[in-house]
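J.: Please see the structure below; I have some questions.
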Amino acid sequence: MRPFTYARPDAAADAVATLAADPDARFLAGGTNLLDHLKLGVVEPTQLVDVTGITSTEITELDDGGLRIGAGVPNSDLAADPRVRERYPAVAAAILAGASGQLRNMASTGGNLLQRTRCAYFADPTTPCTKRDLSQGCSARGGWARYHAILGASEHCIATHPSDLAVALVALDAQVQVLGADGARTIPIAAFHRLPGDDPTRDTVLAHGDLVTAVDLPAPTPAVANSTYRKVRDRASYAFALVSAAVALEVREGTVVDVRIALGGVAHKPWRATTAEAALRGRPATDDEFRAAIAAELEAAEPVESPLGGNAYKIPLVTGTVVSTLRGLAGGVA
Ligand SMILES: Cc1cc2nc3c(=O)[nH]c(=O)nc-3n(C[C@H](O)[C@H](O)[C@H](O)COP(=O)(O)OP(=O)(O)OC[C@H]3O[C@@H](n4cnc5c(N)ncnc54)[C@H](O)[C@@H]3O)c2cc1C
Ligand code: SF4
């Protein structure tokens with residue numbers, strides 16, 4: 001047992017100031033990810049700053065027709081909200097595809113976006129991992145890389161981001177509201193998570209002490225109202241994505257008018273498939289077009305080979321998942 005203190009501030013600004021003054025302090029929300037890492041020795045904070053009483057648990061209407069989701073909204077409440085289910089079906093579907101009912105009751109919106117990778121080596125301090133410690137190597141390269149990235153990885157880290165919710169939020173162009181030592185700011189969700197580059201210790205662009213206060217969903221477009229989330233995993237529940245896709249589609253008279261595609265399980269961050277989207281706009285909504293578009297996106301893929309299990313299988317799996325999901329949203333059989 002490593003000793004740490006526990007603080008429960010009354011205001012968000014106090015929580016931010018506490019972390020700013022202590023580089024080894026951490027925010028605590030539902031604790032479903034952080035407490036596991038404490039027990040495993042992945043993190044060793046000096047202080048836990050409980051933010052459950054100071055981050056909003058409300059979902060409110062925005063003037064532009066969108067919704068503001070407080071960072072403290074439990075995943076269960078977000079998935080069950082009738083406005084979310086009707087206007088942003090991909091968000092509700094993504095949450096319900098993850099974890100279990102009990103975990104979703106505890107897990108918060110902010111904590112979900114900031115959960116750490118499920119790379120097995122990251123969670124095992126007896127193995128080298130550059131994401132835990134920059135001076136170490138990456139055990140997954142040449143090791144068990146079945147769950148790992150095929151896009152945007154670096155020589156230092158091939159981990160994937162585990163959040164299902166984040167993939168849906170990227171497809172829907174959500175905005176993250178943040179309170180830092182210098183005040184409040186807004187970060188587009190597509191720019192919130194990072195690729196590993198030469199510093200995989202950082203999952204997001206947040207500075208230490210930045211508190212996520214809310215996530216804004218913009219007013220739904222016809223495509224967003226016709227959105228869904230498809231997750232492929234090793235077993236039907238209680239498993240992280242091998243690959244996943246959040247897809248929104250508007251088709252008029254057989255032609256793609258608007259399309260959004262974000263991929264999960266393929267990169268260090270939710271991967272917005274902008275190449276595929278551009279290839280599809282104005283094109284016929286057919287399987288051939290869907291397949292050609294995702295093939296163009298995956299031209300940049302670099303699967304990892306490993307004697308313990310590589311991840312080249314993800315290329316056909318992503319292709320089938322996206323084509324099938326687009327077909328279903330276009331009115332065909334998914
Ligand atoms: C068995 C199991 C299965 C799971 N399966 C899935 C799955 O299939 N799909 C999926 O997406 N997730 C899954 N999860 C992960 C789960 O969704 C996350 O653990 C949860 O969303 C984290 O939320 P939390 O509130 O508990 O965060 P915490 O554990 O409290 O915190 C997580 C991190 O976020 C930081 N943090 C928390 N709130 C804030 C804030 N407001 N601002 C800044 N930083 C903050 C903390 O400091 C910590 O670093 C699973 C978890 C478990 C244990
Ligand atoms: S892939 Fe990333 S998280 Fe996994 S062992 Fe390598 S550096 Fe660590």
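The values are calculated or read from the model by the stated rules, or taken from the named source; none is laboratory data. Note that the structure is a prediction, hence the values are computed from the model and not measured. Using ideal geometry, Cβ is built from the backbone for each residue, glycine included, and neighbour counts are taken over all protein chains shown.
J.: Looking at the range 302-312, can you tell me whether even one residue there is within 20 Å of D164 (Cα to Cα) and in contact (Cβ under 8 Å) with a residue 24 or more places away in the chain?
T.: Yes, some residue in the range 302-312 is within 20 Å of D164 (Cα to Cα) and in contact (Cβ under 8 Å) with a residue 24 or more places away in the chain.
J.: Collect the residues in the range 50-64 that are in a strand (DSSP E or B) and within 17 Å of D173 (Cα to Cα), keeping them in residue-number order.
T.: E61
J.: Also: List the pairs whose first member sits in the range 105-133 and is more than 16 Å from V167 (Cα to Cα), whose second member is aliphatic (A, V, I, L, M) and away from ligand 1 (no atom under 14 Å from the Cβ), and whose Cβ atoms are under 7 Å apart, counting only residues at least 6 apart or on separate chains?
T.: C119/A140; C119/A159; Y121/A140; F122/A159; K131/A159
J.: Tell me, which strands (runs of 3 or more DSSP E) lie completely within the range 187-305 with 1 or more residues that are within 27 Å of G137 (Cα to Cα)?
T.: Those strands (runs of 3 or more DSSP E) span 243-252, 255-264.
J.: Among the candidates G180, G209, G142, single out the residue that is in contact (Cβ under 8 Å) with a residue 40 or more places away in the chain, under 24 Å from N311 (Cβ atoms), surrounded by fewer than 24 Cβ atoms within 10 Å (Cβ to Cβ) and not aromatic (F, W, Y).
T.: Selected residue: G142, the only one of G180, G209, G142 that is in contact (Cβ under 8 Å) with a residue 40 or more places away in the chain, under 24 Å from N311 (Cβ atoms), surrounded by fewer than 24 Cβ atoms within 10 Å (Cβ to Cβ) and not aromatic (F, W, Y).
Rundown of residues vs (1) exposed (fewer than 15 other Cβ atoms within 10 Å of the Cβ); (2) of a type in the set (D, E, K, R), yes/no style:
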position: L28; (1), (2): no, no
position: L35; (1), (2): yes, no
position: K39; (1), (2): yes, yes
position: E44; (1), (2): yes, yes
position: L48; (1), (2): no, no
position: I54; (1), (2): no, no
position: T57; (1), (2): no, no
position: D63; (1), (2): yes, yes
position: L67; (1), (2): no, no
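J.: Is the range 238-250 home to any residue that is at pLDDT below 95, more than 24 Å from S154 (Cα to Cα) and aromatic (F, W, Y)?
T.: yes
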